[in-house]
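For reference, the structure is listed below as structure tokens.
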Amino acid sequence: MVGPLRPEFVLFGSSIVQLSFGDEGWGSIVANLYARKADIVLRGYSGWNSRRALEVLDKVFPKDANVQPSLVIVYFGGNDSVRPNPHGLGSHVPLQEYKENMRKIAIHLKSLSKKTRLIFLSSPPINEEQIRSTLSKQLGDLGRTNESCRIYSEACLEVCREMNVEAIDLWSALQKRNDWLNVCFKDGIHLSSEGSKIVAKEILKVLREADWEPSLYWKSMATEFSEDSPYDPTGADAKTPINVSNWTFQESFQWD
């Protein structure tokens with residue numbers, strides 16, 4: 001552990017989470033904005049479903065940890081939604097079991113501390129044609145359809161409404177772009193930089209609007225070591241110090 005101690009945000013999920021730190025992913029966008037405000041911890045596991053998440057829940061989020069996360073962002077559902085395997089293998093989880101698994105995950109995370117906040121991400125849409133052209137040679141017929149993603153997305157949102165958990169409808173959010181099929185994915189499933197921008201903006205919208213004390217929105221949180229210093233860089237006149245502690249260096253895109 002290094003100091004000073006910051007709020008901890010944990011990203012927990014399958015490949016949509018594991019890959020979120022690469023290629024201008026949504027996790028890297030969030031980490032950039034919170035670079036001097038919170039520690040963003042990645043716990044993403046490609047290929048996982050809600051069953052596997054439950055198996056490790058106590059290991060990833062032990063109840064007796066000295067420091068508990070301020071925020072956990074959870075995503076499982078896309079892998080659960082694939083067509084059942086005739087041999088009983090693979091990642092399919094029946095819909096009712098998926099809903100119960102997500103309830104159990106939410107109950108466990110809520111029990112970590114009174115100040116641990118949750119955001120669940122529902123299953124995003126997919127580009128079925130792109131999947132066939134990019135992944136079918138390696139993985140065969142994945143048995144995942146946009147309609148099955150919609151069904152599991154709605155199931156996740158239903159659970160969150162019942163449990164008063166903040167949730168983001170990614171299935172609908174990505175499809176608000178007219179060109180979503182062409183720009184939101186790298187392979188039909190995993191998000192491109194454009195798809196990740198949508199996810200990041202939806203997360204930041206929840207963080208900005210949530211009635212949480214303390215606020216976890218980046219502009220409302222303290223910036224570490226933000227005091228003015230004679231060692232700050234100077235402006236064009238070579239005499240005026242410029243405090244850059246709140247600069248995000250996120251050019252050409254607005255995150256408000």
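The set of residues in segment 28-52 being open to solvent by less than 20 Å² (accessible area, probe 1.4 Å) and in contact with a Gly (Cβ under 8 Å, 6 or more places away or on another chain) consists of G44, S50.
Of the residues S91, S81, S133, S122, the single one that is modelled with pLDDT under 95, within 25 Å of V199 (Cα to Cα), of a type in the set (S, T, N, Q) and in contact with a Phe, Trp or Tyr (Cβ under 9 Å, 6 or more places away or on another chain) is S91.
The residue that is nearest to L71 (Cα to Cα), counting only those in segment 216-251 that are out of contact with any helix residue (DSSP H, G or I) (no Cβ under 9 Å at 6 or more places or on another chain), open to solvent by less than 80 Å² (accessible area, probe 1.4 Å) and among the hydrophobic types (A, V, I, L, M, F, W, C), is M221. Residues of segment 171-215 that are open to solvent by less than 50 Å² (accessible area, probe 1.4 Å) and outside any helix (DSSP H, G or I): C184, F185, D187, G188, I189, H190, L191, S192, A210, W212, S215. Could you tell me whether any residue of segment 58-77 is polar (S, T, N, Q) and touching a His at 6+ places or on another chain (Cβ under 8 Å)? Within segment 58-77, none of the residues are polar (S, T, N, Q) and touching a His at 6+ places or on another chain (Cβ under 8 Å). Which one is farthest from V74 (Cα to Cα) among residues in segment 88-131 that are of a type in the set (S, T, Y) and crowded, with 17+ Cβ neighbours inside 10 Å? Out of the qualifying residues, it is S91.
The values are calculated or read from the model by the stated rules, or taken from the named source; none is laboratory data. If you're wondering where the values come from, they're calculated on a predicted model, not measured in any experiment. In this analysis, Cβ positions are derived from the backbone assuming ideal geometry, glycine residues included, and neighbour counts consider all displayed protein chains. These area figures cover heavy atoms from the full protein model, side chains too; ligands, DNA and RNA do not enter into them. Shrake-Rupley method; radii C 1.70, N 1.55, O 1.52, S 1.80 Å.
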